1. Counting only protein heavy atoms, what percent of the accessible surface of the chain is carbon or sulfur at a 1.4 Å probe?
2. For the full complex of protein chains and a 1.4 angstrom probe, list Met185, Met23 by accessible area with the highest value first.
3. Using θ = phi - 60° and the Karplus form 6.51 cos²θ - 1.76 cosθ + 1.60, what ³J(HN,Hα) does each residue of the range 16-29 get, whole Hz, x for Gly and Pro?
4. For the range 247-300 and the range 114-146, what is the separation of their Cα centres, given in Å?
5. For every helix of n ≥ 4 consecutive DSSP H residues, a contribution of -39,500 (n - 2.57) applies; sum these over the chain, divide by its total residues, and give [θ] at 222 nm rounded to the nearest 500 deg cm²/dmol.
6. I'd like the accessible area for Thr270, computed on protein heavy atoms only with a 1.4 Å probe and all protein chains in place. Round to 10 Å², please.
7. When only Cα pairs under 8 Å and 6 or more residues apart are kept, what is the percent relative contact order across the chain?
8. Looking at the chain, what % of its DSSP beta bridges pair antiparallel, to the nearest 5?
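The values are calculated or read from the model by the stated rules, or taken from the named source; none is laboratory data. Computed from a prediction, not measured in an experiment: that's the story for all the values here. Heads up: the accessible areas ignore ligands, DNA and RNA and are worked out on the full protein's heavy atoms, side chains in. Shrake-Rupley method; radii C 1.70, N 1.55, O 1.52, S 1.80 Å.
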Amino acid sequence: KKNVFSGIQPTGIPTLGNYLGAMRNWPLLQEEYHCIYSVVDLHSLTVRQEPANLRRQTLSLVALLLACGINPEKSLLFIQSHVPAHAELAWLLNCYTQFGELSRMTQFKDKSAKHPDNINAGLFCYPVLMAADILLYQADLVPVGADQKQHMELARDVAGRFNGIYGDVFRIPEPYIPKDGARVMSLQEPAKKMSKSDENPNAYILLLDDADTILRKFRRAVTDSEAEVVCREGKDGINNLISIYSIVTGKTVPEVEHEFAGKGYGDFKTAVGEAVAEALRPVRETYADLLKNKDYLADVYTKGAEKARAIAGRTYAKACKKLGLVLPQ
Ligand code: TYM
């Protein structure tokens, strides 16, 4: 069986972009692969977090991932900071990653432009920690949205470089980017990706938004001055809505175009809003039930971390040994 690894940061409630680009696909892989999923709390420290929020959001995200369908009997689900080998391997890999390659990361450039007062070393080395996450579990496939492609390339480069010097230590991972939903766009500026850090809340749908809020945000979605529901170059807003509608309903793009032929944008936006609200309803309901059961959540992430520590510890020890570090006896 191939190994799958992916992670998500506990920086607020995930968006419809996180869901369609990543979270929704994670449970679909558990039948076929050995899946390991992590709430990457260490990554979120690269941007200043309020401690009480971080704690709440981390637990909430564990519940939300379970609500999306991750089954702890089949997959490992754990909190990154519970497995020290992530930070440890990241240090080793830092010494095999060049300043120049990290300087080229577009996410680093974007985030440092956005937070000029806090361009910390962690933010710069973020992709190395991500590489460590993946390489520790000898992952073959990493299901992520399109925005993580460059980080994935770095992880592959660093792993290949390390293997080139020390022999086969790490499996070289492949990004697993969905055909549809890999880049869900902002509802307000459809040339930009949907992001929960957008200052305009109408730009994104949060997984826990109620049906009325979802409907209202879709009705306000920015489109274009034409009136045809067709997927075409230059119609970023409509293309995004068609893509979202197509994923949540399982209809093809031509089917969607046919369904709304001769109808206006108003009808279409309402239909998209209703379909998304309906698709997220079971997630929201299951989440609310799970959150009441803190003991169950603790049991899931505690057992998950125990198993993860065993797997990660083996890879870390192997890397240390190859480097010439003396292992504790
Ligand atoms: P994060 O927490 O920002 O996002 C989690 C996942 O959601 C995807 N995503 C999107 N997909 C489609 N459309 C969008 N608008 C959209 N916005 C976000 C992301 O691509 C991601 O898959 N660096 C990672 C977390 C991470 C990780 C890892 C991932 C840390 N270690 C190891 C994989 C493997 C991140 O910041 O994701």
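1. Carbon plus sulfur share of accessible area: 52 percent.
2. Correct descending sequence by accessible area is Met185, Met23.
3. Those phi angles translate into 4, x, 4, 5, 6, x, 9, 3, 5, 7, 4, x, 5, 8 Hz.
4. The two parts, judged by their Cα centres, are 29 Å apart.
5. Helix contribution divided over all residues of the chain: -16500 deg cm²/dmol.
6. 30
7. In percent, rounded to a whole number, it is 22.
8. 10
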